[in-house]
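Novice: Here it is, the structure, as structure tokens.
The values are calculated or read from the model by the stated rules, or taken from the named source; none is laboratory data. All values reported here derive from a predicted model rather than from experimental measurement. FYI the Cβ positions are ideal-geometry reconstructions off the backbone, even for glycines, and counts take in every protein chain you see.
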Amino acid sequence: MTEEEQMAKEIDEVVETLKELEPVSIVLMGSFARQEWTSKSDAELAVIFEDANYHSRTELKKYGSDKVRIYPFRLSELLGLRSVIPFPRKFYFWWLKNTAKTLWGKEVLSRLKVKMEQADWRENIVFQKGVALSALLSFRNNDLETAGWAFSKSCLFATVSTIALIKGKEIKSFREASALATKEFPDFQDVIKKAESVWQGKFKLEEKDIFRNFEYFSFLENI
């Protein structure tokens, strides 16, 4: 059994145990849902509950594992785009609607009403610049895993937004974002490809990569 097959089996087992809580829906998020999973990745499940049957993340922790993380949502808050999240609101729900996959229960994601405007794409680019800075802070504290995550995610998520701004094309995977951006921005194909490679666990992050990412963000902000 491959690592990916083992992860799929683990996800199925977690979903089976979560059914006893009678959620409205169980949704697979992240790289596994986008078929971009690597051995360095974990799996993320969104568990959507009717408000009266809500279970907190603390309560759900026992159902997960080291590689399967569980995030609860109240149905009314999710449909109203009011869930508590630490990310740009409209971009997060747009990404969720377009990249996640319902594994069990009712189809809820299609009911999300998210219309992205130019200001929303730009808001995400500004947010990702802050994530890029956190990569430097983590690197200098010798937390290379977090630094690599912040470096790669900031670069690739900002690229998704930029392609939407300049091409009007909504990208739904990091792989596609990287492929398009290296053609659109040849002067920065080195950092874009490095971000994808670090995210995939193929290359080790260096401090110079982080500063190159800052240069990329300066370029993006002036498009």
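Residue-by-condition table, conditions (1) among the aromatic types (Phe, Trp, Tyr); (2) over 16 Å from the mean Cα position of the chain (by Cα); (3) in a strand (DSSP E or B):
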| residue | (1), (2), (3) |
| --- | --- |
| SER41 | no, no, no |
| ARG69 | no, no, yes |
| GLU77 | no, yes, no |
| PHE87 | yes, no, no |
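Novice: Return a yes/no flag: does the range 144-162 have any residue that is over 23 Å from MET29 (Cα atoms) and either assigned by TED's automatic domain parsing to the domain that holds ASN124 or modelled with pLDDT under 95 (or both).
Specialist: yes
Novice: With VAL84, VAL27 as the choices, which residue is hydrophobic (A, V, I, L, M, F, W, C), within 30 Å of VAL126 (Cβ to Cβ) and loosely packed, with under 13 Cβ neighbours inside 10 Å?
Specialist: Of the residues listed, the single one that is hydrophobic (A, V, I, L, M, F, W, C), within 30 Å of VAL126 (Cβ to Cβ) and loosely packed, with under 13 Cβ neighbours inside 10 Å is VAL84.
Novice: Quick one: how many residues across the range 19-29 are part of a helix (DSSP H, G or I), among the hydrophobic types (A, V, I, L, M, F, W, C) and either closer than 17 Å to VAL108 by Cα or not assigned by TED's automatic domain parsing to the domain that holds LEU96 (or both)?
Specialist: Selection size over the range 19-29: 0.
Novice: On to the next question. If we keep just the residues of the range 45-67 that are in a helix (DSSP H, G or I) and in contact with a Ser or Thr (Cβ under 8 Å, 6 or more places away or on another chain), which is nearest to SER31 (Cα to Cα)?
Specialist: Checked the range 45-67; the qualifying residue nearest to SER31 (Cα to Cα) is TYR63.
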